Amino acid sequence: MLIDVVESGTGKRARLSEVVAGKSGTSQGFRDAWFIGFTKNLVTGVWVGNDNFLPMIGVTGGSLPADLWKRFTLKSLKSMPASKKPKL
């Protein structure tokens, strides 16, 4: 279900060349927006919002937070050592 969020739902902007699953969210009044996503090697959450109770114009969890998550994740995954597959 969480893979579908990224493949065909509100989290499309978080797509990578590997499997990604996640959840986007936006609070009532558009004051908060977030994207929580994970790959095989990394789990990360991104929150953006206003602490003065003013709405963010046009920002939803599937927009800016998903974009920021993708940028962070791409850089983070590049710096991780390649995982070794277990021998059978």
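Scan the range 1-29 for residues that are over 18 Å from residue 68 (Cβ atoms), in contact (Cβ under 8 Å) with a residue 12 or more places away in the chain and either of a type in the set (A, V, I, L, M, F, W, C) or touching a strand residue (DSSP E or B) at 6+ places or on another chain (Cβ under 6 Å) (or both) and jot them down. Within the range 1-29, 2, 3, 19 meet the criteria. Taken together, the criteria place residue 41 among residues that are under 20 Å from residue 76 (Cα atoms), modelled with pLDDT under 95 and in a loop (DSSP other than H, G, I, E, B). Out of all the residues in the range 49-69, which are surrounded by fewer than 17 Cβ atoms within 10 Å (Cβ to Cβ) and out of contact with any Phe, Trp or Tyr (no Cβ under 7 Å at 6 or more places or on another chain)? Within the range 49-69, 50, 51, 52, 53, 54, 57, 58, 67 meet the criteria.
Let's see how each residue does on (1) assigned to a loop (DSSP other than H, G, I, E, B); (2) exposed (fewer than 13 other Cβ atoms within 10 Å of the Cβ); (3) among the acidic types (Asp, Glu):
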residue: 17; (1), (2), (3): yes, yes, no
residue: 22; (1), (2), (3): no, no, no
residue: 34; (1), (2), (3): no, no, no
residue: 46; (1), (2), (3): no, no, no
residue: 71; (1), (2), (3): no, yes, no
residue: 74; (1), (2), (3): no, yes, no
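The values are calculated or read from the model by the stated rules, or taken from the named source; none is laboratory data. All values reported here derive from a predicted model rather than from experimental measurement. Please note: Cβ atoms are built from the backbone with ideal geometry, for glycine as well, and neighbour counts cover all protein chains shown.
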